[in-house]
Amino acid sequence: MTKSKWDLFVAKYLFMFKDGFFELPYLANSPQIMVDSLIKNPVSNHKLLEQGIFSNNLFCKGTMYYREMEDNFWLLTSHIEIKKNIIAKSIYDENFASEFYILTFSVFEHEFPVKNATGQNIKITNTCWTLSKPKTEVQTYFYQTTKGKFYNLVFDKKWADETILIKNSAHNTTFQAFLDGKTGSFTWSNRTPEANEVAKIVSEIILSEKDGVFHIQELRKNCLTLIDYFVDNVFDDNRIAENVSLSNLNYAKIAKAEKMISLNLSVPFVGVEEIASEVMMSPTKLKTYFKTVFGYSMLQYHKEQNMLLAMQLVQNSTALINVIAAITGYDSASKFAATFKKRFGKLPSEFRN
């Protein structure tokens, strides 16, 4: 794919239906190229004065604001409502340089068919950090009725070397080696919940800007705070130090495997072999590569996401505990309660009270 042929590519492949999802491609060589590719999307409306790209179509409704806060440090922040299942796919043009890292803090929200105290479906919220190196093609699955906010902090290595401060010298050395590595994409789910409050401030700043007057320094300060939350919490596993790079094809297969797990939290884990067969990878490689990207084994990831769902059902719904146990795939309320207590330190009933 070349930038000069992007118009033809988008006309042919935009929202192409494949494997149950409509594809949304974008170029990711640099923040400017990314913005340009989205502006050229035929379903987009670009408002230059606001530095915003708006879209409302059959598949999604969304807004993306872009701000260059200083040389080689950008914020691309999006709010999207998903109408149909979508897979967003980053693509790189080999004729242009690809020197930018993308650190994304995302907040997802979707309705779950269990009632809260007011009789409405409860809203399940998850947060996620993803760090992707240059030339790493990332595929992200979005499910119908999901709402998401994304805070993409885009920077090159020179900016990171000069700006990102890691006080622990060993961690700093590790992080520098990580930035020097090859392609890679790593995900941390439901970390640093306090970052959500800073992200809200970032959104408020953007929405308060009028008539092309941008509060760049205030934005930059809060974006640096987001980065601080990230780097202060990523060295408790070995993935940064191990710095394993996979092929882009393998990253796509791992994303598909994660989708299969997330869609089946209400039943027992389907097994590595079944997922491996679906994504056409050997079970041994799948287990290794999945842990590289997500920091958990596949079974552990299923259990963790399952418990996080259970926690929100306990906190926000009026469903009985034995009903929540059944919803999250447990055939025994006592077994569910024991697993819940092991994860959160209290029984579900104690937590609710």
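The values are calculated or read from the model by the stated rules, or taken from the named source; none is laboratory data. Predicted model, so just to flag it, every value in this text is computed and none were measured. Positions of Cβ are generated from backbone atoms using ideal geometry, with glycine treated the same way; all protein chains shown enter the neighbour counts.
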Here are T145, T125: which of them is on the phi > 0 side of the Ramachandran plot, surrounded by fewer than 18 Cβ atoms within 10 Å (Cβ to Cβ) and not in a helix (DSSP H, G or I)?
T145
Flagged in region 100-122 as surrounded by 14 or more Cβ atoms within 10 Å (Cβ to Cβ), touching a residue at least 40 places away in the same chain (Cβ under 8 Å) and either of a type outside the set (F, W, Y) or outside any strand (DSSP E or B) (or both), in numbering order, are I102, L103, T104, S106, V107, V114, K115, N116, I122
Grab the helices (runs of 4 or more DSSP H) fully contained in region 281-343, keeping just those with 3 or more residues being modelled with pLDDT under 95.
298-316, 321-327
Looking only at region 193-217, count how many residues are among the acidic types (D, E) and not in a helix (DSSP H, G or I).
3
Mind listing whichever residues of region 155-166 are surrounded by 16 or more Cβ atoms within 10 Å (Cβ to Cβ) and in a helix (DSSP H, G or I)?
K157, W159, A160
When restricted to L24, L8, the only residue surrounded by fewer than 19 Cβ atoms within 10 Å (Cβ to Cβ) and modelled with pLDDT under 95 is L8
Which one is modelled with the highest pLDDT among residues in region 218-243 that are crowded, with 16+ Cβ neighbours inside 10 Å and assigned to a loop (DSSP other than H, G, I, E, B)?
N243
For region 88-129, which residues satisfy the criterion of being of a type in the set (V, I, T) and modelled with pLDDT of 95 or more?
I102, T104
Testing P283 on (1) within 21 Å of the chain's Cα centre (by Cα); (2) outside the structural domain of S189 (by TED's automatic domain parsing), one condition comes back false. Which one is that?
(1)
Among the residues of region 167-187, is there at least one that is surrounded by 17 or more Cβ atoms within 10 Å (Cβ to Cβ), under 14 Å from the mean Cα position of the chain (by Cα) and not in a strand (DSSP E or B)?
no
If you check F150 against the conditions, is it in contact with a Cys (Cβ under 9 Å, 6 or more places away or on another chain), farther than 22 Å from F235 by Cα and assigned by TED's automatic domain parsing to the domain that holds T225?
no
